[in-house]
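Some notes on the structure that comes next.
The values are calculated or read from the model by the stated rules, or taken from the named source; none is laboratory data. All figures in this text were calculated on a predicted structure; none of them were measured in a lab. Using ideal geometry, Cβ is built from the backbone for each residue, glycine included, and neighbour counts are taken over all protein chains shown.
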Amino acid sequence: MAWFAVNSWFSLLNSAVTADSGAVSMPATTHARDVVCKCNKENQPLTIHKVIELLTNEILTLRPATLQDKRKIFDWLTNSNLTSEMLGPPKFADNPVPTWNEFDKDYSDNYFDNSQPNNGQCFVIEHNAQAIGQINYNPIEPETKCTEIDIWLSDLQFTGKGFGTEAIRILCCYLDKSFGCKTFFIAPSRRNEKAIKSYKKAGFIEIKKIPDNFIPDYEDSVLMIKSYEKDISTQQNA
């Protein structure tokens, strides 16, 4: 995951291009999920039913990950038939496959036990009750309500079906309604053309000028932004 110094969130907000939100309709569901209630941007409690509704649509469910999912999510990232499309040589020698200890440090237990939802959380992406990948948000910047998103699928068979795009849309909508997040970042390698295409479908656009305090995962990281804000006056195209 790429990390930003706190001040970089402010500089990015002040210079970003606003993207269309592409809001997704979230129908009610009767699926039972072990979900802890969050609060929305007015600090009013969300019911469990509302949280489930926000994390579910007719295609996918985002199930809050547990500590029991952690090793499986690590294996999807580091030992699947998609790993070479994201990490490690020969294509991505600049971003080696992480060890378990490195992954455990980046994705600490709070991503899996819902103990610190403002500091990031992982979700298992499910299609027809089958786990097909993970998506997470990283710490939410408290003043600007920005966060970075990471996503990977578990197997090649689930690519090219729009699942990644749909999962991102669901998560962004959930973060908006639950935490008041309006701006989201993601930073793939430019070599990962399929990922960039998927993110654009989800409403992200590229920021041409990379801030000095942006710490990229790749030599050719592409910083992309999606924003629900409609009043960002300064636009950056170069």
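Values computed for the structure shown
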read-out: Matching residues in segment 85-104 - criterion: being at pLDDT 95 or above and part of a helix (DSSP H, G or I); value: 100, 101, 102, 103, 104
read-out: Number of positions in segment 217-236 that are at pLDDT below 85 and not aliphatic (A, V, I, L, M); value: 7
read-out: Filtered residues of segment 76-100 (kept if under 18 Å from residue 122 (Cβ atoms) and surrounded by 14 or more Cβ atoms within 10 Å (Cβ to Cβ)); value: 76, 77, 78, 80, 82, 83, 86, 87, 98
read-out: Qualifying residues in segment 176-218 (those that are touching a residue at least 40 places away in the same chain (Cβ under 8 Å) and of a type in the set (Asp, Glu)) - the one nearest to residue 156 (Cα to Cα); value: 217
read-out: Residue ranges of strands (runs of 3 or more DSSP E) in segment 115-215 with at least 1 members of a type in the set (Gly, Ala, Ser); value: 130-137
read-out: Of residues in segment 79-103 being under 18 Å from the mean Cα position of the chain (by Cα) and free of Cβ contacts under 8 Å to residues at least 40 places away in the same chain, the one farthest from residue 191 (Cα to Cα); value: 103
read-out: Residue ID - surrounded by the fewest Cβ atoms within 10 Å (Cβ to Cβ), chosen from residues in segment 104-132 that are within 12 Å of the chain's Cα centre (by Cα) and under 11 Å from residue 60 (Cβ atoms); value: 124
read-out: Residue identified as touching a residue at least 24 places away in the same chain (Cβ under 8 Å), surrounded by fewer than 16 Cβ atoms within 10 Å (Cβ to Cβ) and more than 14 Å from the chain's Cα centre (by Cα) among 66, 144; value: 66
